[in-house]
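Participant: Got a structure for you, written out below as structure tokens; questions coming shortly.
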Amino acid sequence: MKQMFINGEWVDARSGETREIINPYNQEVVATAAEGNAEDAKRAIAAAREAFDHGEWQHTPGAERGQKVLRIAELIERDREELAKLETFDTGKTVEESRVDMDDIAGVFRYFAGIADKDGGEVIESPIPDSQSKVVREPVGVCGQITPWNYPLLQAAWKIAPALAAGNTIVMKPSEITPLTTVKVTELIEEAGVPAGVANLVLGAGATVGNELAESGDVDLISFTGGIDTGKKIMQTASGNVKKIALELGGKNPNVVFADADFETAVDQALNAAFFHAGQVCSAGSRLIIEDSIHDEFVEELTARAKRIKLGDGFKEDTQSGPLISAEHRGKVENYVEIGKEEGANLLIGGARPEDEELQNGFFYLPTIFTECTSDMRIVQEEVFGPVLTVERFETEEEAVKLANDSIYGLAGAVFTTDIDKAERAAAKMRMGTVWINDFHPYFAQAPWGGYKQSGIGRELGKPGLEEYTETKHIYRNLKPEPIHWFK
Ligand code: NAD
């Protein structure tokens with residue numbers, strides 16, 4: 001039974017309710033978890049409030065907090081294999097992908113451990129004689145952290161590590177369908193010696209636990225990663241006490257391929273961009289925008305390779321892609337494929353569940369490619385979050401950039417070309433938080449991550465990822481105090 005962690009104690013939900021956690025590969029129950037509600041969230045928020053207001057954590061030197069965060073990284077490395085297996089049971093992704101996630105996660109904790117004591121503030125040149133002016137950064141306070149199911153622990157790590165490094169107290173709420181690795185890491189946070197009440201974990205649904213975190217007047221910051229509709233709701237709910245908000249929402253990310261790109265690299269990366277983790281990636285390259293002169297040859301090769309993607313059990317070595325996360329989510333993807341067909345996009349491959357006997361109990365869906373797409377189609381504009389790629393054509397550089405930017409989203413995008421000036425020109429004009437040149441998907445702890453437009457607010461990772469969890473204070477000191485006699 002997976003319990004919640006509140007004020008340093010492992011507890012069941014007050015209501016006694018539980019939830020079964022399902023393996024999306026075969027629908028077997030892999031664990032039972034406590035199903036908290038708003039009452040449990042309130043207890044966790046109260047513990048975090050008390051630990052922030054009256055505990056030592058926020059006043060502990062950054063170097064010491066960094067040591068604890070570093071210890072968490074070491075423990076994640078020690079338990080890498082166990083964590084990777086849990087992530088695969090929970091999400092269906094291949095265990096090799098999960099191992100890579102765990103290495104990235106340890107890297108995130110290491111990075112924030114390393115910069116926990118690096119921002120000692122700044123002395124400002126004051127325009128007032130005989131005065132001193134300094135700017136310091138302080139923790140924000142109690143942070144609610146709500147995470148999605150596609151990269152359960154990775155997304156949590158991007159929030160937990162900087163929040164703790166900066167001296168905040170936290171209440172984590174993983175997706176109710178993928179809580180296993182966040183529970184395990186909470187055990188590691190406890191083992192690392194983080195004081196009681198500093199890191200709390202509540203399990204349960206978004207509408208109850210998540211909503212309470214967004215609403216509570218005792219939460220100072222809400223950091224959310226998930227879908228755009230939920231993000232908008234959280235913005236509204238969070239307005240009650242004007243809490244700070246950090247939102248990492250979805251994407252509909254363009255992958256622009258010019259005719260002069262290295263063909264092999266561009267095909268290989270386009271495949272990876274669209275179909276990695278069955279397309280359930282916020283930065284998936286789900287919109288391929290390709291120069292007309294190579295369109296046919298490129299699509300032919302891409303299609304041939306997409307058909308060969310081996311779907312299966314994430315624990316088998318030859319599996320290249322696992323299932324979608326749930327029956328409900330697969331239904332959403334199927335619905336979008338119907339919409340694409342009705343809109344007149346040309347369904348080239350996929351558009352169905354696989355027929356293999358072995359895959360019938362999992363939520364599998366075939367890699368799907370639509371050609372002859374135009375930017376007014378919903379299949380091009382809306383985030384499908386599955387293995388569905390749309391293909392558009394362009395003739396000029398200007399047109400390519402225009403198509404790339406024709407989206408309410410602005411999370412990430414890529415440009416493939418051997419003309420570096422053209423690449424830089426396009427990268428400069430693309431309105432998104434990350435632009436890759438001749439690559440797709442790289443992200444790392446040192447570089448900021450986040451969205452332009454409706455892909456979100458704020459940045460995670462890098463120095464900005466730590467700054468999100470700090471308030472900025474100006475301290476001014478009069479070195480020659482004397483009356484000013486403004487009022488006689
Ligand atoms: P989701 O919005 O359904 O749920 C995300 C989290 O929010 C879950 O923990 C859920 O329980 C909670 N939640 C749901 N309703 C809530 C409410 N009313 N109040 C508070 N919390 C609530 O998203 P999902 O389906 O779990 O994840 C997929 C989405 O996440 C995709 O849109 C994807 O693009 C996005 N995502 C973005 C990034 C990024 O870095 N920008 C990374 C990963 C995933």
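Participant: Per DSSP H run of at least 4 residues, take -39500 (n - 2.57); add these up for the chain, divide by its residues and hand me the 222 nm value, nearest 500 deg cm²/dmol.
Facilitator: Estimated from H runs of four or more residues: -11500 deg cm²/dmol.
Participant: Would you grab the residues whose amide H sits under 5 Å from the one on Glu471? Only those 5+ places off in sequence or on another chain, please, with H modelled 1.01 Å from N.
Facilitator: Glu138, Val140
Participant: Using +1 at the Cβ of each Lys and Arg and -1 at the Cβ of each Asp and Glu in the chain, identify which of Ala163, Leu411, Ser286 lies farthest towards the dipole's positive end.
Facilitator: Ala163
Participant: Taking only Cα atoms, what is the 0 to 90° angle, nearest 10, from helix 80-91's long axis to the longest principal axis of the chain?
Facilitator: That works out to roughly 60 degrees.
Participant: Å³ per residue of the Cα convex hull, for region 35-89?
Facilitator: It comes to 97 Å³ per residue, whole-number rounded.
Participant: With an 8 Å cut-off on Cα pairs and a minimum separation of 6 or more residues, tell me the relative contact order of the chain in percent.
Facilitator: Relative CO of the chain lands at 18 percent.
Participant: Going through the cross-link list Lys453/Lys473; Lys252/Lys429; Lys93/Lys307; Lys252/Lys463, which pairs have a Cα-Cα distance over 21 Å in this structure?
Facilitator: Lys453/Lys473; Lys252/Lys463
Participant: Determine, from the Cβ-Cβ distance of Ala207 and Glu28 and an R0 of 30 Å, the FRET efficiency 1/(1 + (r/R0)^6), rounded to the nearest 0.05.
Facilitator: Plugging the Cβ-Cβ distance into 1/(1 + (r/R0)^6) gives 0.70.
Participant: Continuing with this model, one more query. Evaluate the distance, in nm, between pseudo-label points positioned 7 Å from the Cα of Asp262 and of Glu9 along their respective Cα→Cβ axes.
Facilitator: Spacing of the two 7 Å Cα→Cβ label points: 5.9 nm.
Participant: I would also like to ask the following. Between Lys488 and Val100, what FRET efficiency comes out of the Förster formula 1/(1 + (r/R0)^6) with R0 = 51 Å and r the beta carbon distance, rounded to 0.05?
Facilitator: Taking R0 as 51 Å, the efficiency between Val100 and Lys488 is 0.10.
Participant: Turning to a different aspect of this structure: Eigenvalues of the Cα gyration tensor times 5, then square-rooted: what semi-axes does that give for region 197-291, in whole angstrom, largest first?
Facilitator: They are 39, 14, 10 Å, listed from largest to smallest.
Participant: Gain in length, Glu338 to Glu358, computed as 0.36 nm per residue apart minus the alpha-carbon separation, to one decimal in nm?
Facilitator: Roughly 4.7 nm would be gained on extension.
Participant: Could you please rank Lys473, Lys42, placing first whichever residue has the fewest other Cβ atoms within 10 Å of its Cβ?
Facilitator: The order, fewest Cβ neighbours first, is Lys473, Lys42.
Participant: Taking the simple approach of a point 7 Å from Cα along Cα-to-Cβ for both Glu191 and Asn241, what is their distance in nm?
Facilitator: 3.3
Participant: Let me ask something additional. Set the Förster distance to 45 Å, then compute FRET efficiency between Ser126 and Phe444 from the Cβ-Cβ distance, nearest 0.05.
Facilitator: 0.70
Participant: Which ordering of Val100, Val391, Val299, Val11 is given by a fewest-first count of other beta-carbon atoms within 10 Å?
Facilitator: Listing Val100, Val391, Val299, Val11 from fewest to most nearby Cβ atoms yields Val100, Val11, Val299, Val391.
Participant: Measure nothing fancy, just the Cα-based angle from helix 38-54's long axis to the longest principal axis of the chain, in degrees from 0 to 90, nearest 10.
Facilitator: The helix 38-54 is inclined about 50 degrees to the chain.
Participant: Mind checking the full-extension length gain between Asn272 and Glu82? Use 0.36 nm per residue of separation minus the Cα-Cα distance, one decimal, nm.
Facilitator: 65.8 nm
Participant: Compute the long axis of helix 295-307 from its Cα atoms, compare it with the longest principal axis of the Cα atoms of the chain, and write down the angle in degrees, 0 to 90, nearest 10.
Facilitator: Tilt relative to the chain: about 80 degrees.
Participant: Let me ask you something else. Please list log₁₀ I(q)/I(0) at q = 0.10, 0.19 Å⁻¹ for region 114-200, using the Debye equation with identical point scatterers on the alpha-carbon positions.
Facilitator: So the normalised log intensities are -0.36, -0.86.
Participant: With the Cα gyration tensor of the chain giving a ≥ b ≥ c as the square roots of its eigenvalues, does the rule (a/c under 1.5 for rounded; else a/b larger than b/c for prolate; else oblate) give rounded, prolate or oblate?
Facilitator: Taking the square roots of the gyration eigenvalues as a ≥ b ≥ c, the chain is oblate.
Participant: Here is a further query. State the Cα centre-to-centre distance between region 128-166 and region 443-462 in whole Å.
Facilitator: When both Cα centres are located, 14 Å separates them.
Participant: Suppose a student asked you for the relative contact order of region 254-437, using Cα pairs under 8 Å spaced at least 6 residues apart; what percent would you report?
Facilitator: 28
Participant: While we're looking at this one, here's another question. Net charge within 13 Å of Gln269 by Cβ-Cβ distance, Lys/Arg positive one each and Asp/Glu negative one each, not counting Gln269 itself?
Facilitator: Surrounding charge for Gln269 is -4.
Participant: So, one more: If I stretch the segment between Lys232 and Glu398 completely, what's the gain in nm (0.36 nm per residue apart, minus their alpha carbon distance), one decimal?
Facilitator: 56.5 nm
Participant: In the neighborhood of Gly312, defined by Cβ-to-Cβ distances under 12 Å, what is the net charge if each Lys or Arg adds +1 and each Asp or Glu adds -1?
Facilitator: Here the count lands on -3.
Participant: While we're here: How much net charge surrounds Gly210 when only other residues with a Cβ under 11 Å from its Cβ are counted (Lys, Arg +1; Asp, Glu -1)?
Facilitator: Every neighbour counted, the sum reads -1.
Participant: Same structure, new question: Quick one: Phe224, Phe385, fewest Cβ neighbours within 10 Å first, how do they rank?
Facilitator: Phe385, Phe224
A short reminder: the numbers here are calculations on the coordinates, not readings from a lab. As the structure is a computational prediction, the values presented were derived from the model and not from experiment. Note that we place each Cβ from the backbone using ideal geometry, even for glycine, and neighbour counts take in every protein chain shown.
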